[in-house]
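S.K.: Got a structure here, written out as C-alpha cells. Questions coming.
Coordinate-derived values only; no laboratory data. Predicted, not measured: the structure shown is a model, and the values here were computed from it. FYI the Cβ positions are ideal-geometry reconstructions off the backbone, even for glycines, and counts take in every protein chain you see.
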Amino acid sequence: MKQKIRIAAGQGFWGDLPEAPVRQVEGGPIDYLMLDYLAEVTMSIMQKQKTRDPNAGYAKDFVPLMRRILPACVERDIKVTANAGGVNVRGCADAVIEVARELGLGGKVRIGIVTGDDIMSRLDELLARGIELRNMDTDEPLSTVRDKIQSANAYLGAWPIVDALNQGGQIVITGRATDTGLTLAPMIHEFGWPENDWNRLASGTIAGHIIECGAQASGGNCQYEWRSIPNLADVGFPIAEASPDGTFVITKHERTGGWIIIPSIKEQLVYEMGDPHEYITPDCVADFTTIRLEYEGRDRVRVYGIEGRAATEFLKVSISYSAGFKAVGTLVYSWPDAYDKAQAADRILRSRLDRLGLKFDQVLTEFVGVNATHGPLAGLPRSDLPEVQLRVGVRGQDRSPVERFTKEIAPLILTGPPAVTGFAGGRPKVEEIVAYWPALIPKEEITPVVEVLGT
Amino acid sequence: MVMKLQLTKLAHARSGDKGDTANVGLIALRDEFYPILVREVTAERVKEHFKGICLGEVERFELPNLGALNFLLHESLGGGGTLSLMTDAQGKTFSTALLRMEIEVTEQEATDLHG
C-alpha cells in the first residue's frame with residue numbers, strides 16, 4: 001500500500017484553463033489526475049448533441065487532452081478519473097481507445113467506464129411507481145414539467161469508480177458522478193477504506209471539495225490579499241496529497257504561481273456550502289465544522305480532524321428541462337451624463353416593448369459600472385463616470401416575443417440618446433433556457449455498471 | 001464607546017450559488033475577530049443589509065474551527081442558474097457586497113485590531 005498518493009485537479013469545470021491538466025502531469029510527481037467536466041445543465045447540452053449525432057454526447061475536449069498526456073500517464077502510472085463521459089460514456093471511451101492505439105499504446109492501458117446514472121428512459125416507470133422526483137427547492141412533483149425534460153441523471157458517488165480502479169482501470173470515465181467522488185475514489189482504492197469508515201470517507205470528500213474547483217483553492221478568485229498573490233498567470237492547480245489515515249495536505253507543484261495558504265483554502269471550503277454540519281454525498285455525510293487546518297511548510301496546508309456520518313439512503317438526481325427563452329442586449333453610453341443617458345435609453349426601450357404588446361415573465365435592467373453587481377448597496381454613482389453599460393434581459397415561455405426584443409437594441413443607436421457604442425457584437429442571441437431540477441431517488445433504484453475495456 | 005467599522009477590516013469572503021440561493025462565507029482575518037463577527041453579523045442584520053436583493057430568508061451557520069460564518073441568502077439570484085437574467089446569476093459578487101456592511105466594535109476592540 002502506498003503511504004501517500006497525490007491527486008491533482010486538472011479542470012474545475014468544462015471550459016477551465018486548457019493547459020492546466022497538461023501542466024499538472026508535466027509539472028511534477030502525481031499519482032492521479034481528476035477532471036470535472038459537468039456543470040448542472042451540461043448534460044442537456046450533451047443530450048442534444050447525441051440526438052443529432054449518436055456518436056456524440058460527451059466532453060469532446062477530453063479526447064485531445066488524452067492525446068497529449070496519455071503517453072506520460074502510461075509511462076509514469078498516472079491514473080485519470082473524469083466525468084467526461086456525459087450521456088455517452090461508451091462513445092467517449094471508444095474515442096480514447098482509438099487515441100491510445102494511434103499513439104502505439106494499444107494493450108498498455110485499460111479504460112474503466114462507469115454508467116447506470118442515466119434514468120432518462122425510466123422516468124415514466126419511476127413516476128408510475130410513486131417515485132415522484134419532487135424538486136428539492138420547490139417541492140413540486142416532476143409531472144409538472146414532464147413533457148419538457150431533456151436529461152435525467154443520478155449522481156453516482158465514489159464506489160463505482162473504486163470498482164473500476166480495483167478492476168485495473170487506469171483511465172476511468174464516468175457519466176454523472178459527484179466531483180468529490182472523483183477524488184475520494186483513488187483514496188479508497190489505494191488505502192482500502194471500508195464502506196462505513198465515515199470519518200475517512202468524509203476526509204476524502206472534503207479533499208475533493210477543496211480541489212474540485214481547480215485554482216479557486218490555489219489563488220484564483222482569492223479575495224484575501226489578492227494583490228499579493230504571486231504570478232497568477234502561471235497558477236498551479238491544487239494537489240491533494242492523501243494518507244491512509246484520512247489526513248491530507250493540499251499543495252501544488254513547485255515553480256508554479258498562485259499560493260496554498262490557509263485563507264485561500266478557507267475561501268474554497270465555504271464555497272457553495274449549505275449547512276456545514278451536513279455536507280451530503282452518496283458516500284457519507286461530512287461535517288465541515290470538524291475541519292482543522294495547519295501549515296506544513298510553504299504552500300502546504302495539512303487538513304485533519306475530519307469527522308463524518310453515515311450516508312443517506314438517497315442519491316441526488318439532476319434533471320434538466322426546457323423553461324422558455326431569454327436574451328440579453330447591451331449598449332455602452334459615454335460621458336458626459338453616461339448614467340442618465342443609459343437610464344433614458346432604458347425608458348425608451350421599455351416604452352417601445354410595451355407599445356408592441358410584448359409580454360415577458362421578466363424584464364431586467366442593469367447598469368454595469370453603476371450597480372449591476374451590488375444593486376442598492378452600491379449607492380449613488382459619481383456624476384462623471386466615463387461610461388456606463390446598459391444591460392437589458394428578457395425572459396418568457398415563448399420564443400417569438402424574445403426574438404422580437406432582440407431587434408429593438410441596435411435601433412437605439414440611431415433612435416436614442418447620444419454617445420452610444422458597444423454594438424459591434426451584433427443582434428443578441430435568443431437562448432433556450434434549460435433549467436435545473438434537483439431531486440432525490442432511493443439508492444436501490446440505481447444500479448451502477450462498471451466495465452474495464454482493453455485497448 | 002462604540003465605533004463603526006466596515007467588515008473589510010475584519011474579514012474576507014467568498015460567495016457562490018445553490019439554485020436561487022446565494023451562499024456567502026465570511027472568514028475572520030484573524031482568529032480573535034471571529035467572536036466579533038458572531039456577535040455583530042447576525043442573520044437579521046444580513047437580511048436587512050441585502051434588502052431589495054435577498055427576497056427570502058437568511059440562514060446563518062457557524063464554523064468556529066475555521067473562524068467563519070456561512071450565510072444562505074434565499075431567493076437572491078433572480079431564479080438562479082440559467083433562469084436568471086442577472087449579470088451575477090452565480091452570486092460570485094455577493095461576497096464583497098457583504099463586506100460593505102458596517103458593524104459596531106468597542107474602542108478597545110478597535111485598538112486591538114491595529115495590534
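S.K.: Calculate one ³J(HN,Hα) per residue across the range A:42-47 by plugging θ = phi - 60° into the Karplus curve 6.51 cos²θ - 1.76 cosθ + 1.60, and present them in order as whole Hz with x for glycine and proline.
M.R.: Once rounded to whole Hz, the list reads 4, 4, 5, 5, 5, 4.
S.K.: For a quick check: with amide H placed at 1.01 Å from N, whose amide H comes under 5 Å from A:Leu38's, ignoring anything fewer than 5 positions away on the same chain?
M.R.: Residues meeting the criterion, in which the H sits 1.01 Å from N, are A:Trp14.
S.K.: Using only the Cα atoms, work out Rg/Rh for chain B, with Rh taken as the Kirkwood radius, to two decimals.
M.R.: Working: Rg = 14.5 Å, Rh = 14.4 Å.
Checking Rg against Rh, the ratio lands at 1.01.
S.K.: How well do other chains shield peptide A:321-328, expressed as the mean number of their Cβ atoms within 10 Å of each residue Cβ?
M.R.: Numbers: counts 0, 0, 4, 1, 0, 4, 1, 3.
Counting other chains' Cβ atoms within 10 Å and averaging over A:321-328 gives 2.
S.K.: I've got another one for you. Report the FRET efficiency, 1/(1 + (r/R0)^6), for A:Arg68 and A:Arg298, where r is their Cβ-Cβ distance and R0 is 45 Å, rounded to 0.05.
M.R.: Working: r = 30 Å, r/R0 = 0.66.
So, using R0 = 45 Å, E works out to roughly 0.90.
S.K.: I need A:Val301, A:Val89 ordered by Cβ neighbour count within 10 Å, fewest first.
M.R.: Details: A:Val301 22, A:Val89 25.
Exposure proxy ranking, most exposed first: A:Val301, A:Val89.
S.K.: Extent of the range A:169-297 along each principal axis, from alpha carbon coordinates, in Å, largest to smallest?
M.R.: Principal extents (largest minus smallest coordinate, Cα): 44, 35, 30 Å.
S.K.: Identify all aspartates and glutamates with a Cα-Cα distance to A:Lys48 below 18 Å; exclude those on the same chain that are fewer than 8 residues away in sequence.
M.R.: A:Glu40, A:Asp61, A:Asp117, A:Asp118, A:Asp147, A:Glu431, A:Glu432
S.K.: Could you compute how fast the range A:377-434 diffuses translationally, taking Rh as the Kirkwood radius over C-alpha pairs and applying Stokes-Einstein at 20 °C with viscosity 1.002 mPa s? Give it in µm² per second.
M.R.: On the way: Rh = 13.9 Å.
This corresponds to a translational diffusion coefficient of 154 µm²/s.
S.K.: Over all distinct alpha-carbon pairs, what is the Kirkwood Rh of the range A:32-90 in angstrom? Don't jump to the answer; show the numbers that get you there.
M.R.: Numbers: mean 1/r = 0.0818 Å⁻¹.
Hydrodynamic radius (Kirkwood, Cα pairs) of the range A:32-90 is 12.2 Å.
S.K.: Provide the gained length on full extension for the span A:Gln3 to A:Arg255, in nm with one decimal, where the gain is 0.36 nm per separating residue minus the Cα-Cα distance. Mind dumping the intermediate values first?
M.R.: Numbers: separation 252, 0.36 × 252 = 90.72 nm, distance 2.47 nm.
Contour length minus Cα-Cα distance gives 88.3 nm.
S.K.: May I ask you to work out the translational diffusion coefficient for chain A at 10 °C, viscosity 1.306 mPa s, via Stokes-Einstein with Rh from the Kirkwood sum over Cα pairs, reported in whole µm²/s?
M.R.: Working: Rh = 24.1 Å.
Approximately 66 µm²/s, per Stokes-Einstein.
S.K.: If neighbour count is taken as other Cβ atoms inside 10 Å, put B:Leu29, B:Leu98, B:Leu73 in order from fewest to most. Provide the component values of the computation, followed by the final result.
M.R.: Working: B:Leu29 19, B:Leu98 26, B:Leu73 29.
By the 10 Å Cβ count, ascending: B:Leu29, B:Leu98, B:Leu73.
S.K.: Also, I was wondering about something else. Would you please give the residues with an amide H less than 5 Å from that of A:Trp259, counting only those at least 5 places away or on a separate chain, with H modeled from the backbone geometry?
M.R.: A:Gly219
S.K.: Given the Cα-Cα distance of A:Trp226 and A:Leu414 and 0.36 nm per residue of separation, how much length would full extension add, in nm?
M.R.: Values: separation 188, 0.36 × 188 = 67.68 nm, distance 4.23 nm.
So the extension gain works out to 63.4 nm.
S.K.: Take the cross-link list A:Lys2/A:Lys79; A:Lys326/A:Lys407; A:Lys326/A:Lys359; A:Lys60/A:Lys252 and give me the ones stretching past 18 Å between alpha-carbons.
M.R.: Working: A:Lys2/A:Lys79 14 Å; A:Lys326/A:Lys407 13 Å; A:Lys326/A:Lys359 12 Å; A:Lys60/A:Lys252 27 Å.
As for pairs spanning more than 18 Å Cα to Cα, those are A:Lys60/A:Lys252.
S.K.: Using the Karplus curve 6.51 cos²θ - 1.76 cosθ + 1.60 with θ = phi - 60°, work out ³J(HN,Hα) for each residue of the range A:236-242 in order, rounded to whole Hz, and write x for Gly and Pro.
M.R.: Karplus-based 3J(HN,Hα) across the range A:236-242 equals x, 5, x, 10, 9, 9, 9 Hz.
S.K.: Which ordering of B:Leu5, B:Leu69 is given by a fewest-first count of other beta-carbon atoms within 10 Å?
M.R.: Working: B:Leu5 18, B:Leu69 27.
Final ranking by Cβ density, sparse to dense: B:Leu5, B:Leu69.
S.K.: Quick check: residue separation of A:Asp275 and A:Lys407 times 0.36 nm, minus the Cα distance between them. What number comes out in nm? Mind dumping the intermediate values first?
M.R.: Numbers: separation 132, 0.36 × 132 = 47.52 nm, distance 4.48 nm.
Answer, rounded to one decimal: 43.0 nm.
S.K.: Given only helices, namely DSSP H runs of n ≥ 4 each adding -39500 (n - 2.57), what is the per-residue ellipticity at 222 nm of the protein assembly as shown, to the nearest 500 deg cm²/dmol? Write down the numbers at each step before the final one.
M.R.: Numbers: 16 runs with 153 residues, N = 570.
Mean residue ellipticity, 222 nm, calculated: -8000 deg cm²/dmol.
S.K.: Between B:Glu104 and B:Asn65, what is the spin-label point distance in nm, taking each point 7 Å from the Cα along the Cα→C-beta axis?
M.R.: Result: 3.4 nm between the two label points.
S.K.: Another one. Separation between the A:Gln362 and A:Ser383 pseudo-spin-labels, each 7 Å from Cα along Cα→Cβ, expressed in nm?
M.R.: 3.5 nm
S.K.: Please give the charge dipole size of the protein assembly as shown, origin at the Cα centre, charges +1 on K and R Cβ atoms and -1 on D and E Cβ atoms. Round to the nearest 20 debye. Before the final figure, lay out the partial values.
M.R.: On the way: 61 positive and 77 negative charges, 330 e Å.
Taking the Cα centre of the protein assembly as shown as origin, the dipole is about 1580 debye.
S.K.: Could you pull the Cα extents of the range A:322-434 along its three principal axes, largest to smallest, in whole Å?
M.R.: Largest first, the range A:322-434 extends 42, 32, 25 Å along its Cα principal axes.
S.K.: Amide H neighbours of A:Ala177 under 5 Å, counting only residues 5+ apart in sequence or on other chains, H built in-plane at 1.01 Å?
M.R.: Long-range HN contacts for A:Ala177: A:Leu156.
S.K.: Give the distance, in whole Å, between the Cα centre of the range A:411-436 and the Cα centre of the range A:118-175.
M.R.: 38 Å
S.K.: Let me ask another. Mind listing the phi-derived Karplus ³J(HN,Hα) values for the range A:57-69, rounded to whole Hz, using 6.51, -1.76 and 1.60 with θ = phi - 60°, and x for any glycine or proline?
M.R.: x, 10, 6, 4, 4, 5, 5, x, 5, 4, 4, 7, 10
S.K.: Give me the distance in nm between label points sitting 7 Å out from Cα along the Cα-to-Cβ direction at B:Glu32 and A:Val449, one decimal.
M.R.: 6.3 nm
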